[in-house]
């Protein structure tokens, strides 16, 4: 079954057409660079996403700390991941890159801080 998608690897946003072949591969058209077919294959077989969000931080200048997954996680597990991340409460000080949640959902992927926050 033919599928149309917008490539999100770079800012160009090429309109890709992906058509499965009988041998289990995909024919990709519409890409402006070599990364388009790789993105299309991943989207068709195992779509993943990075999760940028926030967690509660205590004793800091702001009430929430921006965080993200260190690597993309399977798209089908985003809601479970958010439920786990929403339980996290950290204490200042925190530095950019500090792990705030190890091994999210047993995936081997950490959630890390994307901002330094000092204690106030």
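Nothing in this text is a laboratory measurement; each read-out follows from the coordinates by a stated rule. Just so it is clear, the model here is predicted, and its values are computed rather than measured. Quick reminder, even Gly has a Cβ in these numbers, built from the backbone with ideal geometry, and neighbours come from all protein chains shown.
Computed from the Cβ-Cβ distance with R0 of 35 Å, the FRET efficiency linking residue 2 to residue 119 stands at 0.05. Neighbour counting of Cβ atoms within 10 Å sorts the residues 80, 98, 23, fewest neighbours leading, into 23, 80, 98.
Note on the chain: helix-only mean residue ellipticity at 222 nm, from DSSP H runs of 4+ residues weighted -39500 (n - 2.57) and normalised by residue number, equals -4500 deg cm²/dmol. Between residue 107 and residue 45, residue separation times 0.36 nm minus the direct Cα-Cα distance comes to 20.6 nm. If you work out mean projected area of the Cα convex hull in nm² from the coordinates, which of (i) 8.9; (ii) 7.5; (iii) 8.2 do you get? Correct label, based on the coordinates given: (i). Highest GNM mean-square fluctuation among 67, 18, 100, for the chain modelled with Cα contacts below 10 Å: 18. In region 52-113, the DSSP beta bridges split such that about 75 percent are antiparallel, to the nearest 5.
Go ahead and set up a Gaussian network model of the chain, Cα springs under 10 Å, then flag whichever of 69, 45, 96 fluctuates most. The residue with the greatest mean-square fluctuation here is 45.
For the chain, find the longest principal axis of its Cα atoms and tell me its angle to the long axis of helix 35-45, 0 to 90°, nearest 10. That helix lies at roughly 80 degrees to the long axis. Taking the fewest neighbouring Cβ atoms within 10 Å as the starting point, the ordered list for 1, 117, 50 is 1, 50, 117.
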